[in-house]
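Asker: For reference, the structure I am asking about is given below.
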Amino acid sequence: MAIPTAFSGAKLESLSSSAAAASPASIGLFCNPGRVRRLSIQKGLFNSGIRCEVAASDVVDQSQSSGNVTSSSSLSALEQLKSSAADRYTKERSSIVVIGLSIHTTPVEVREKLAIPEAEWPRAIGELCNLNHIEEAAVLSTCNRMEIYVVALSQHRGVKEVTEWMSKTSGVPVTEICKHRFLLYNNDATQHIFEVSAGLDSLVLGEGQILAQVKQVVKVGQGVTGFGRNISGLFKHAITVGKRVRTETNIAAGAVSVSSAAVELALMKLPESCHTTARMLVIGAGKMGKLVIKHLVAKGCTKMVVVNRSEDRVSAIRDEMKDVEIIYKPLNEMLKCAAEADVIFTSTASETPLFMKEHVVDLPPVGASVGSLRLFIDISVPRNVGACVNELEDARVYNVDDLKEVVAANKEDRLRKAMEAQAIISEESKQFEAWRDSLETVPTIKKLRAYAERIRVAELEKCMSKMGDDISKKTKKAVDDLSRGIVNKLLHGPMQHLRCDGSDSRTLSETLENMHALNRMFSLETDISVLEQKIRAKVEQTQK
């Protein structure tokens with residue numbers, strides 16, 4: 001069935017762009033299901049899916065009148081494009097795709113340019129969903145990863161649009177992003193976010209902060225247009241998985257965090273004799289800064305200076321640790337404090353560096369007792385300390401990528417628990433996919449119920465008119481209940497065969513066959529209506 005032109009404008013314009021340079025003759029579309037790329041990333045292989053291409057078809061006989069040729073070929077091309085759009089966007093379910101750059105694949109100097117502050121997540125979701133082939137979106141941006149999750153009408157086009165958007169908003173060339181990114185689709189994307197939430201993909205295996213960050217994605221996304229049912233369901237399920245893995249495997253027991261690894265790294269670089277006497281400066285009193293302070297205290301540090309924009313957070317930390325001398329200094333005294341510190345930890349949300357070479361070069365040298373090197377431990381993304389500081393002979397800078405040295409020793413102890421966690425993730429992935437599969441039949445279920453209800457109401461009115469006006473309310477209610485009961489019992493069988501939630505042995509393909517059969521039998525035309533809704537939504541979105 002051809003798509004009404006009123007619904008097809010924006011989407012068909014995108015579909016036809018790749019065909020613009022083809023012959024003015026009729027244009028045909030074909031799918032090449034055999035060409036499937038397999039990419040290997042940390043945990044395995046995945047399919048990149050079916051690739052659709054546009055090709056020129058037969059050339060129209062030149063002896064025909066040029067006006068007729070142009071007119072007929074244009075109409076033919078338009079009709080085929082409309083038809084292909086229906087095939088493309090309704091016969092294939094929208095895909096969940098993750099486009100990501102993590103500490104495993106991308107250096108911090110690239111990640112920091114792509115990082116999106118939490119306050120900007122709603123704006124980013126809105127811009128992503130305005131792209132032609134993106135229906136839903138979410139952003140997970142932390143010090144270790146920058147990942148964008150989308151529901152895409154087309155895998156290839158969706159990835160291309162998101163990558164170009166990332167390049168435009170960050171200034172990082174597309175080629176550079178493609179060099180470091182990883183792509184995961186559907187089941188692989190589901191498994192990935194579950195592993196992330198469980199702490200299996202973290203630099204520090206089993207760390208708990210990532211679960212809080214996944215929860216924050218859901219919290220920020222609530223009420224944001226574009227944080228839709230599929231993506232919302234995916235992240236909520238990921239939270240459940242993260243909690244279950246930590247409860248059943250105890251993988252977080254004894255696990256280090258990024259903050260504790262930073263403290264360990266600093267102590268590794270300092271002479272052992274000065275672990276408790278080195279002058280410590282912590283810049284930033286947020287979650288990460290507070291954890292750094294706690295771990296310093298646990299290692300025997302009894303005095304430190306904390307620089308923060310306001311004193312409130314520092315006072316709260318001081319109240320928790322009454323036996324430790326915590327001295328608050330405002331941000332405008334940061335350089336003065338740095339001049340009096342041996343080790344400087346930075347963990348702020350500043351998008352520009354706090355320390356560059358010119359800021360550090362004139363600082364007084366530190367004593368020989370601490371190795372004659374001023375240490376900067378920077379766990380912020382974007383980085384708070386420029387790499388150029390390493391050019392100075394009396395200073396060393398370490399960032400989150402340097403924590404691998406510390407983490408390696410802790411990782412081996414939890415590998416066995418990670419294997420147990422994978423079994424849980426595999427089970428939960430199947431449950432999520434079953435839930436998502438069940439969404440496929442929702443439009444048919446609604447239309448079938450509406451169809452049956454229209455017939456019930458029409459026949460009930462006929463019956464009531466024949467019974468006259470003098471029948472009692474009790475009788476009317478009894479007849480109405482009877483008609484509802486008959487309809488519900490008749491629909492029970494078809495509805496059962498549209499279920500695909502993992503509660504029985506019926507496969508998705510069997511359920512979809514049943515759905516298409518019901519569509520044909522009752523002329524429900526669910527497929528084309530879904531396409532119209534998708535295109536209409538995109539057109540309305542672009543017109544706002």
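Asker: With the requirement that a residue be surrounded by fewer than 20 Cβ atoms within 10 Å (Cβ to Cβ) and either touching a helix residue (DSSP H, G or I) at 6+ places or on another chain (Cβ under 6 Å) or among the hydroxyl-bearing types (S, T, Y) (or both), what does segment 111-121 give you?
Answerer: The answer is K113, I116.
Asker: Among the strands (runs of 3 or more DSSP E) lying completely within segment 328-424, list those that include at least 3 residues that are more than 31 Å from the chain's Cα centre (by Cα).
Answerer: Numbers: elements: 343-346, 374-378, 395-398.
Answer list for segment 328-424: 374-378, 395-398.
Asker: Can I ask one more? In segment 174-200, how many are open to solvent by 50 Å² or more (accessible area, probe 1.4 Å) and more than 20 Å from V381 (Cβ to Cβ)?
Answerer: Going through segment 174-200, the residues open to solvent by 50 Å² or more (accessible area, probe 1.4 Å) turn out to be 174-176, 178-179, 181, 187-188, 191.
Filter again for more than 20 Å from V381 (Cβ to Cβ), leaving 174-175, 178, 187-188, 191.
Final tally of qualifying residues: 6.
Asker: If only one of E311, E320 is over 24 Å from G371 (Cβ atoms), open to solvent by 60 Å² or more (accessible area, probe 1.4 Å) and touching a Phe, Trp or Tyr at 6+ places or on another chain (Cβ under 7 Å), which one is it?
Answerer: On the way: E320 fails: touching a Phe, Trp or Tyr at 6+ places or on another chain (Cβ under 7 Å).
Within the list E311, E320, the selection yields E311.
Asker: What's the total number of residues in segment 122-134 that are buried (at least 23 other Cβ atoms within 10 Å of the Cβ) and not aliphatic (A, V, I, L, M)?
Answerer: 1
Asker: Also, quick follow-up: Kindly list the number of the only condition in (1) open to solvent by 40 Å² or more (accessible area, probe 1.4 Å); (2) closer than 14 Å to A285 by Cβ; (3) not hydrophobic (A, V, I, L, M, F, W, C) that fails for H359.
Answerer: (2)
Asker: Would a scan of segment 236-249 turn up a residue that is without any contact (Cβ under 8 Å) to a residue 12 or more places away in the chain, under 30 Å from G300 (Cα atoms) and open to solvent by 20 Å² or more (accessible area, probe 1.4 Å)? Walk me through it before giving the result.
Answerer: Applying the first criterion (without any contact (Cβ under 8 Å) to a residue 12 or more places away in the chain) to segment 236-249 yields 247.
Retained after the next criterion (residues that are under 30 Å from G300 (Cα atoms)): none.
Looking through segment 236-249, none of the residues is without any contact (Cβ under 8 Å) to a residue 12 or more places away in the chain, under 30 Å from G300 (Cα atoms) and open to solvent by 20 Å² or more (accessible area, probe 1.4 Å).
Asker: Further question on the same structure: Just the residues that are under 13 Å from E147 (Cβ atoms) and β-branched (V, I, T), please, taken from segment 191-207.
Answerer: Listed by number, the residues that qualify are I193, V196.
Asker: For segment 169-219, give me the residue count where each residue is in a loop (DSSP other than H, G, I, E, B) and under 17 Å from the mean Cα position of the chain (by Cα). Even if it seems obvious, please write down each step before you answer.
Answerer: Taking segment 169-219 as the starting set, the residues that turn out to be in a loop (DSSP other than H, G, I, E, B) are 171-173, 181, 186, 199-208.
Keeping just the survivors that are under 17 Å from the mean Cα position of the chain (by Cα) gives 181, 186, 199-202.
Going through segment 169-219 one residue at a time, the tally reaches 6.
The values are calculated or read from the model by the stated rules, or taken from the named source; none is laboratory data. Since the structure is predicted, the reported quantities are computational estimates derived from the model, not experimental observations. Positions of Cβ are backbone-derived with ideal geometry, glycine not excepted, and every protein chain shown enters the neighbour counts. The accessibility values were calculated without ligands, DNA or RNA, using every heavy atom of the protein model including side chains. Shrake-Rupley method; radii C 1.70, N 1.55, O 1.52, S 1.80 Å.
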